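Colleague: Input: one structure, supplied below.
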Amino acid sequence: MRWRKALTDERGPLMFMLLESLRSALDSIRAHGFRSVLTSLGIIIGVMSVIAVVSIVQGLSHTVNQQFEGLGSNTLTVRSYTPFRKALQGQVAKLRHDDMTAIEQRVEGISHVTPILFAQSGTQGQVSYRSQDTFAQVFGVGPSYFEVNGVFPESGRGFARDDDLRRRLVCLLGQDVVEELEMPDNPVGEYFKVGAEWCKVIGVMERRGELLGFSQDNYVLLPYGTARRIQGTSRDLDIQVQLQVDDINRMDEVKDRISRLLRSNHGLKSGDDDDFRVQTSEQLTESFNQIISTITAAVGGIVGVSLLVGGIGIMNIMLVSVTERTREIGILKALGATRQDIMLQFLIEAVLLCLVGGVIGIALGYGIGAFAAAMLPGFPPAHVPAWAIALSFGFSAGVGIIFGIIPAAKASQLDPIDALRYE
Amino acid sequence: MSADSAESVIRFRGVARRYEMGDQVVNALDGVDLDIRRNEYVAIIGASGSGKSTMMNIIGCLDRPTEGEYQLEGHDVGAMNENELARVRNREIGFVFQSFNLLPRANALKNVMQPLVFRGIKLDDRKQKARQSLERVGLGDRVDHLPNQLSGGQRQRVAIARALVGEPAILLADEPTGNLDSRTTVEIMRLFDALHSAGQTIIMVTHEADIAAHCERVIRLEDGRVAEDHRNNTRRRALAEGADG
Ligand SMILES: Nc1ncnc2c1ncn2[C@@H]1O[C@H](COP(=O)(O)OP(=O)(O)OP(=O)(O)O)[C@@H](O)[C@H]1O
Ligand SMILES: [Mg+2]
């Protein structure tokens, strides 16, 4: 019999139905052009904000990671760290000169120990040359600073051990300082004033570029000893110490040794938290990246909420659309559509709406990110990683499925006769 | 399978359709026995509310009887699940409605192509078949028109083309000329007559005696029962125009 065969043979494969549903979903979205855009507005805004924020944050992290690459992987940085409980008591942790001396003398397998002393008062940052003056960051650093950090003088020379010991009034300048003070092209040998002291310029540092929109070349290096002398109250200054571990396999061992040494120097009892941090260059990058991920996660949360709102918007309009198209659904059922056919059709329409919203959102978000990065002076260019695009698409589709399923189920359950009778 | 049931395309035995409205029961169909054979041309007539549409919906597998047995080409429809019913509607039944029921946003061609989608037929083949079907009802030059760009008669032709495109065993028409003027009614009836001459089984609901006069057999319903079932000896011979068969 003719149709017994028809009953037993297979329907078109799933791919076929998917394609057909896609075709009619496209028709329907196009038929309601403006309304479709309004419907997916929630998704558009959600995806747009993710992409805008992610593109800016990723641009930053990209640049920062490049900056930290200068630090070798065998470098350790020791700095003070005030635990939360101590901070509440009004105490401030410090890493002192004595600590550095102790590390230098009593820890084995390290070399190139270099202190970094940051200027601690406002006046300290004022520098001048002839009639020009400006503010710059002033650091006191040891002779190994250049090697450990991978930045070198472009002209002139670095610091010698003697400069440090004799506290000579010599300095190295960052490129911006040279420009700001309108110094000659080769200022080596010129005299220049840091705070109240006259220093002789012995070199100019190579350009480091910008980080987080701030110039990294607006600085003056002094020998560590000299900087301590200028600061006056030499006892209690908080410094950072950088050092290199000779055998990279003994990194952890050296870290432990330094920790134990500092704990006993600082008189910490076994229950107390460390009041310092010993970090590898990777950990420095990591802690920065952690900040980045925290921002990204926070943004993700906000976006999650806006996608939820967007999803509910889509569900709402889809429910309206199912009601509007009740008769159409009845016709399709009379022509032989199964529940699955109707379900698939509405589900695909919801997903497609979300995806269209996603595409618009990605384009707008990228535009905003690029615009913001271009407008903020010195900001690194926006960067949209592939995972953000993939994630946006994934989320959009997910929202479409989750919030499309109820309207689609409602459509598919309609009784054909009731649906055909619907006015 | 007996020779008798093999010949019957449709076989009703004690078919009833009851609606429960609170404590009141409406017997839309009340125990109908009926056999319709291949290539019959049947009119179902009766007063308003006598159960004509209910019967058509059950024949077309849009609805199920609450009692009794319905066999379609020897298959027990009562035993079929939802998907099997959808498949029967898609392949064995062609529906024509009083209010046309075209998809409003699809042009004539797409409307006619639609049933073939559910059959898994590829786009090119669908187009070709739909075009042929539209030509058969005399609308080969209106394929791109949307329903609201067509006259009532043209819309009903599109609906007929759509019902026929899948070569169904039975063409069901529930007051197909109910929304048409008399001149267009004549055109549509000519089309049905021609389809019948070409071998199509047709069952049609109508109010009007002149329409019923086109059919070979007239069944009159009264309160959900068959009150009269007779051969139409004074059948109006239609001119087989506008359809080639
Ligand atoms: N969904 C329903 N719920 C309750 N009663 C119904 C329903 N559908 C139909 N009926 C009743 O069943 C009876 C038969 O209805 P049906 O639509 O089959 O009549 P009909 O012969 O087609 O009438 P008409 O010529 O006016 O179209 C009517 O009394 C109607 O009120
Ligand atoms: Mg009726």
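The values are calculated or read from the model by the stated rules, or taken from the named source; none is laboratory data. This is a predicted model, so every value here is computed, not measured. When we count neighbours, we look across all protein chains shown, and the Cβ atoms used for this are built from the backbone with ideal geometry, even at glycine. These area figures cover heavy atoms from the full protein model, side chains too; ligands, DNA and RNA do not enter into them. Shrake-Rupley method; radii C 1.70, N 1.55, O 1.52, S 1.80 Å.
Colleague: Spit out the partnerless Cys residues in chain A, using Cβ distances under 4.7 Å as the pairing rule.
Modeller: When partners are defined as cysteine Cβ atoms under 4.7 Å apart, chain A leaves A:CYS354 without one.
Colleague: Which of the listed residues, A:SER131, A:VAL241, A:ALA419, is farthest toward the dipole's positive end in chain A, when Lys, Arg count +1 and Asp, Glu count -1 at the beta-carbon?
Modeller: Checked the options; the winner is A:ALA419.
Colleague: Across all directions of projection, what mean area in square nanometres is found for the Cα convex hull of region A:147-207?
Modeller: On the way: hull surface 17.8 nm².
Hull-based average projected area comes out at 4.5 nm².
Colleague: Quick check: the angle from helix B:182-197's long axis to the longest principal axis of chain B, C-alpha only, nearest 10 degrees?
Modeller: For B:182-197 against chain B, the angle is about 80 degrees.
Colleague: Once the dipole of region A:279-396 is set up with Lys and Arg at +1 and Asp and Glu at -1 on Cβ about the Cα centre, which of A:LEU335, A:PRO381, A:THR323 lies farthest towards its positive end?
Modeller: Going by the Cα projections, it comes out as A:LEU335.
Colleague: I'd like the Kirkwood hydrodynamic radius of chain B, using the inverse of the mean 1/r over distinct C-alpha pairs, in Å. It would help to have the intermediate numbers written out before the result.
Modeller: Details: mean 1/r = 0.0543 Å⁻¹.
Taking every pair of different Cα atoms in chain B, averaging 1/r and inverting gives 18.4 Å.
Colleague: Now a separate question. Express the C-alpha Rg of the protein assembly as shown as a ratio against the empirical globular expectation 2.2 N^0.38 Å, rounded to two decimals.
Modeller: Numbers: Rg = 42.9 Å, N = 668, 2.2 N^0.38 = 26.1 Å.
Against the compact-globule rule of thumb, the ratio is 1.65.
Colleague: Something else now. Using a 10 angstrom cutoff on alpha carbons, build the Gaussian network for chain A and name the most mobile of A:GLY313, A:GLY357, A:GLY301.
Modeller: Top of the fluctuation ranking is A:GLY301.
Colleague: As an exercise, identify the trypsin sites (Lys or Arg not before Pro) in region B:170-240 lying in DSSP coil whose Cβ has no more than 13 other Cβ atoms within 10 Å.
Modeller: Sites meeting the loop and neighbour criteria: B:ARG236, B:ARG237.
Colleague: Ranking request for peptides B:70-81, A:262-273, B:167-178, A:408-419: highest mean number of other beta-carbon atoms within 10 Å first, then the rest in descending order.
Modeller: On the way: B:70-81: 15.9, A:262-273: 11.9, B:167-178: 22.0, A:408-419: 18.3.
So the peptides B:70-81, A:262-273, B:167-178, A:408-419, ranked by packing, come out B:167-178, A:408-419, B:70-81, A:262-273.
Colleague: Tally Lys/Arg at +1 and Asp/Glu at -1 over every other residue whose Cβ is under 14 Å from the Cβ of B:GLU222; what's the total? The partial results should precede the final answer.
Modeller: Working: positive: B:LYS52, B:ARG220, B:ARG225; negative: B:ASP30, B:ASP223, B:GLU228, B:ASP229.
Here the charged neighbours net out to -1.
Colleague: Mind pulling the per residue volume of the convex hull built on the Cα atoms of region B:67-177? Å³ is fine. Present the calculation step by step, with values, prior to reporting the outcome.
Modeller: Details: hull volume 12.5 nm³, N = 111.
In region B:67-177, the Cα convex hull volume per residue is 113 Å³.
Colleague: Expressed as an acute angle from 0 to 90° and rounded to the nearest 10, what is the orientation of the C-alpha long axis of helix A:97-106 relative to the principal long axis of chain A?
Modeller: 90
Colleague: Another question, then. If you wrap region A:191-334's Cα atoms in a convex hull and average its projection over all directions, what's the area in nm²?
Modeller: For region A:191-334, averaging the hull's shadow over all directions gives 20.4 nm².
Colleague: Relative to the compact-globule scaling 2.2 N^0.38 Å, provide the ratio for the alpha-carbon radius of gyration of region B:16-124.
Modeller: Working: Rg = 16.3 Å, N = 109, 2.2 N^0.38 = 13.1 Å.
In units of the globular-protein estimate, region B:16-124 measures up at 1.24.
Colleague: If I take R0 = 22 Å and measure r between the Cβ atoms of B:GLU67 and B:GLU228 in this structure, what FRET efficiency does the formula 1/(1 + (r/R0)^6) give, to the nearest 0.05? Provide the component values of the computation, followed by the final result.
Modeller: Details: r = 23 Å, r/R0 = 1.02.
That gives a FRET efficiency of 0.45.
Colleague: Something else now. Excluding residues fewer than 8 places away in the same chain, name every one of the aspartates and glutamates whose C-alpha is closer than 19 Å to that of B:LYS110.
Modeller: A:GLU20, A:ASP27, A:GLU328, A:ASP341, A:GLU349, B:ASP124, B:ASP125, B:GLU135, B:ASP141, B:ASP144, B:GLU167
Colleague: With a cut-off of 11 Å, note down the residues of region A:216-260 whose backbone N falls inside the zone around a label point 7 Å from the Cα of A:GLN137 toward its beta carbon.
Modeller: It comes to A:216-220, nothing else.
Colleague: What is the ratio of the Cα radius of gyration of region A:249-368 to 2.2 N^0.38 Å, with N the residue count, to two decimals?
Modeller: Numbers: Rg = 28.8 Å, N = 120, 2.2 N^0.38 = 13.6 Å.
After normalising by residue count via 2.2 N^0.38 Å, the value is 2.12.
Colleague: Among DSSP bridges having both ends in the protein assembly as shown, what percentage is antiparallel? Round to the nearest 5. Mind showing how you got there, number by number?
Modeller: Working: 59 of 86 bridges.
Here the share of antiparallel DSSP bridges comes out near 70 percent.
Colleague: Grab the other residues whose beta carbon is less than 14 angstrom from that of A:GLY125, score K and R as +1, D and E as -1, and report the net.
Modeller: Numbers: positive: A:LYS193; negative: A:ASP133, A:ASP176, A:GLU180, A:GLU197.
Charge balance near A:GLY125 sits at -3.
Colleague: Take the eigenvalues of the Cα gyration tensor for region B:132-227, scale each by 5, and report the square roots as semi-axes in whole Å, largest first. Walk me through the numbers on the way to the answer.
Modeller: On the way: eigenvalues 121, 48, 27 Å².
Computed over region B:132-227, the values are 25, 15, 12 Å.
Colleague: While we're here: May I ask you to derive the FRET efficiency for A:ASP252 and A:ILE291 from their Cβ-Cβ distance with R0 = 22 Å, giving the value to the nearest 0.05?
Modeller: Working: r = 25 Å, r/R0 = 1.12.
My answer for the efficiency is 0.35.
Colleague: Could you tell me the distance between the Cα centroids of region A:147-206 and region A:257-276, to the nearest Å?
Modeller: 37
Colleague: Per residue, how big is the convex hull around the C-alpha atoms of region A:310-358? Give it to me in cubic angstrom, could you?
Modeller: 66
Colleague: What's the buried accessible area, both sides, between B and A using a 1.4 Å probe, rounded to 100 Å²? List each step's numbers first, then the result.
Modeller: Details: alone 12110 and 22490 Å², together 31320 Å².
Buried surface at the B/A interface: approximately 3300 Å².
Colleague: Be a star and scan region A:335-359 for residues whose amide nitrogen sits under 13 Å from the point 7 Å along the Cα-to-Cβ vector of A:ILE405.
Modeller: A:347
Colleague: Now, a different point. With +1 on the Cβ of every Lys and Arg and -1 on the Cβ of every Asp and Glu, and nothing else charged, how large is the dipole of region A:270-423 about its Cα centre, in debye rounded to the nearest 20?
Modeller: Numbers: 7 positive and 13 negative charges, 176 e Å.
With Lys and Arg at +1 and Asp and Glu at -1, about 840 debye.
Colleague: About the Cα centre of chain B, what is the dipole size in debye to 20, counting +1 per Lys and Arg Cβ and -1 per Asp and Glu Cβ, all else neutral? Walk me through the numbers on the way to the answer.
Modeller: Values: 33 positive and 36 negative charges, 201 e Å.
Taking the Cα centre of chain B as origin, the dipole is about 960 debye.
Colleague: Moving on. Divide by every residue of the protein assembly as shown the summed helix terms, -39500 (n - 2.57) for each DSSP H run of at least 4, and state the resulting mean residue ellipticity at 222 nm, rounded to the nearest 500 deg cm²/dmol. The partial results should precede the final answer.
Modeller: Values: 24 runs with 318 residues, N = 668.
Mean residue ellipticity at 222 nm (helix-derived): -15000 deg cm²/dmol.
Colleague: Here is a further query. Please compute the average number of Cβ atoms from other chains found within 10 Å of each residue's Cβ in peptide B:87-93. Provide the component values of the computation, followed by the final result.
Modeller: Working: counts 7, 4, 7, 9, 6, 5, 3.
Going residue by residue through B:87-93 and averaging, the value is 6.
Colleague: For chain A, find the longest principal axis of its Cα atoms and tell me its angle to the long axis of helix A:386-413, 0 to 90°, nearest 10.
Modeller: Once rounded, the angle reads 30 degrees.
Colleague: Roughly how many Å is it from the Cα centre of region A:315-353 to that of region B:55-81, as a whole number?
Modeller: After rounding, the separation between the Cα centres reads 25 Å.
Colleague: Then there's this: If only Cα atoms are counted, what is the Rg of region A:16-62, and what is its Dmax, in Å?
Modeller: Considering region A:16-62 through its Cα atoms, Rg and Dmax are 16.3, 45 Å.
Colleague: Report the charge-dipole magnitude of chain A in Debye, nearest 20, computed about the Cα centre from +1 at each Lys and Arg Cβ and -1 at each Asp and Glu Cβ. Write down the numbers at each step before the final one.
Modeller: On the way: 39 positive and 45 negative charges, 233 e Å.
The calculation lands at about 1120 debye.
Colleague: Okay, moving on. Less than 19 Å apart at the alpha-carbon level, and either on another chain or at least 8 residues along: which aspartates and glutamates does that give for A:LYS255?
Modeller: A:ASP98, A:ASP99, A:GLU104, A:GLU108, A:ASP246, A:ASP247, A:ASP272, A:ASP273, A:ASP274, A:ASP275, A:GLU282, A:GLU286
Colleague: Can you work out the FRET efficiency for the pair A:ALA390 and A:PHE34, with r the C-beta to C-beta distance and R0 = 22 Å, to the nearest 0.05?
Modeller: Values: r = 29 Å, r/R0 = 1.31.
Efficiency, from the Cβ-Cβ distance: 0.15.
Colleague: What percent do you get for the relative contact order of chain A when only Cα pairs under 8 Å and 6+ apart count? Mind dumping the intermediate values first?
Modeller: Working: 707 pairs, mean separation 123.1, N = 423.
29 percent.
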